Structure formats: C-alpha cells, structure tokens
Amino acid sequence: MPESSRAALHCAGLKVRYGGIEAVKGVTLSVQPGELVSLIGANGAGKTTTLKAIAGLIPVAEGSVFFHGEEITKTPAYRRPAKGLVMVPEGRGVFTRMSVIENLQMGAYCQSHSSQSSADIKALIEAQLALFPRLKERYKQLAGTLSGGEQQMLAVARALMARPRVLVLDEPSMGLSPVMVEKIFSVIRDVSQSGVTILLIEQNARLALEAADRGYVMESGLITSSARAQDLLADPAVRIAYLGESP
C-alpha cells in the first residue's frame, strides 16, 4: 500500500515558489493517524510555507498533498476544514471584534452546515470552555482585548470546534510567557492523546520534539533529516543547531 494511502497526511515532492524563488524544494513527509509530528528548522527554512501549502493557503508549484488517501492538492482552502484538515496559523488569527463565544461559533461553521445539531455544537463549545477555563471566564469578552496567551488558547479552541482529523499548528508558543507556553503544550498533548493527528511547527525545538512522536528537520526548503523525536533530541548535530548547545 502506498504511503499516500496509509498516512493521515502525506506530501510528495512538494514545491512552492514565490516568483522566481523556490521556497520549498521538493518536500516529502508523512503523518500517520494519531501521530504528533514536529517540523523544526531555522527561520526562513520554509516551514510555514510548507504548512500554508498543505492548508491550501498558497498554490503548490509541483508535487501533491494527500489527506487520508485523497489527493487535495487543488482543493480550495475553504473546503479543507470540512474534510477535517484544520490549521491554527502563526499569529493566531482570531476575529478581534468578535467575542470569545462568537469566535468559537465561527469555528463550528463547518459543523453547522453538516448533520450536527445546535445541541451538538453547544456541547462542542462547552468542551472547549472546559479545556480552557480561562476562556470560560471571558466568553463574552472581545477577542482583541485578550492577552496573547488567551488569544492562542482561543485560536486552538476555535480549530477544535471543527472536529479536526488533522490539526496543523504553526508556532503556537510564539510571544507567550513560559506559563502560557506550558499550558498550551499541555493542551496540545491532551489533544494528541485524544486521537487527533497533529503536525506542529514550533520555534522551541526542544519543546516540540519532547511532545512529538517523530520529527523532521528542514533546511533551505528541504527535509534534511527525519527520525523518532527522541533520536533527534539525542542527535549531536540537532542539539548544536537547534537546541542551543555548544559544540
């Protein structure tokens, strides 16, 4: 059976260009059902571009994206969440002039246009507020008035409202306090253990690999290494380049 059929998410020879610049140069990676996989690399390596191509936010120049065996390379971005592929972008992207509860309701848009009842959606909202008690305290508050950490919680909660089969996270800890980072990663681990497949980009490579089952290393638009997360954590080259250790 080909990898594209077995994997929850599979990219084959993915290339993305910005004008004459090839930002992603033939990336092949897979995330198996139930896995948490981290993609690490320096700034400018092409990680975010890869995730945006997977989510359909930018066009793919060459290569293919498969979601649970179905090729979705040309599927419009707005149709991918309904299939179960949901992204939390870098910078959170919450609707700042909407309340917390309204943001969560927007996350359920795909559900409201399916067979889900209003009672099902209400139960989804209650589940997110239980997962993020801070949001429950502020559910009538405008999202734009929340702290950065609270907005990140809301972005993740809104994504979970879509009942993702694969959750794609881009830099969830960026700009957050250590306490908030710990909370966000605790939730990410809980979501992973609940069975949701996760592909994660994270500036804190150690934290990302400690949470992950497997990892990929990306440099200059290419995957240069892949292994079990624990093996990457023990790799001297990775420790020097990405974990801040001295040679």
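The values are calculated or read from the model by the stated rules, or taken from the named source; none is laboratory data. Because the structure is a prediction, the values reported are computed rather than measured. No Cβ is skipped: glycine too gets one built from the backbone with ideal geometry, and neighbour counts run over all protein chains shown. Keep in mind that these areas ignore ligands, DNA and RNA; they rest on the heavy atoms of the full protein, side chains included. Shrake-Rupley method; radii C 1.70, N 1.55, O 1.52, S 1.80 Å.
A few points about this structure:
- Applying both filters, DSSP loop and at most 13 other Cβ atoms within 10 Å, to the GluC sites (Glu not before Pro) of the range 204-247 gives GLU245.
- Relative contact order, whole percent, for the chain stands at 27, derived from Cα pairs under 8 Å and 6 or more residues apart.
- Annotation note: trypsin sites (Lys or Arg not before Pro) in the range 1-97 located in DSSP loop regions with a Cβ neighbour count of at most 14 within 10 Å are LYS74, ARG97.
- Simple label model, 7 Å out from Cα along Cβ direction - SER5 to ALA127, nm: 3.1
- Zone residues, the range 30-61, relative to ARG79, backbone N less than 11 Å from point 7 Å out along Cα-to-Cβ: none
- Working from Cα pairs under 8 Å separated by at least six residues, relative contact order for the range 149-247 is 21 percent.
- Max-minus-min Cα coordinates of the range 54-179 on each principal axis give 45, 37, 23 Å, with the largest extent listed first.
- Of all accessible heavy-atom area on the chain, the percent that carbon and sulfur account for (1.4 Å): 51
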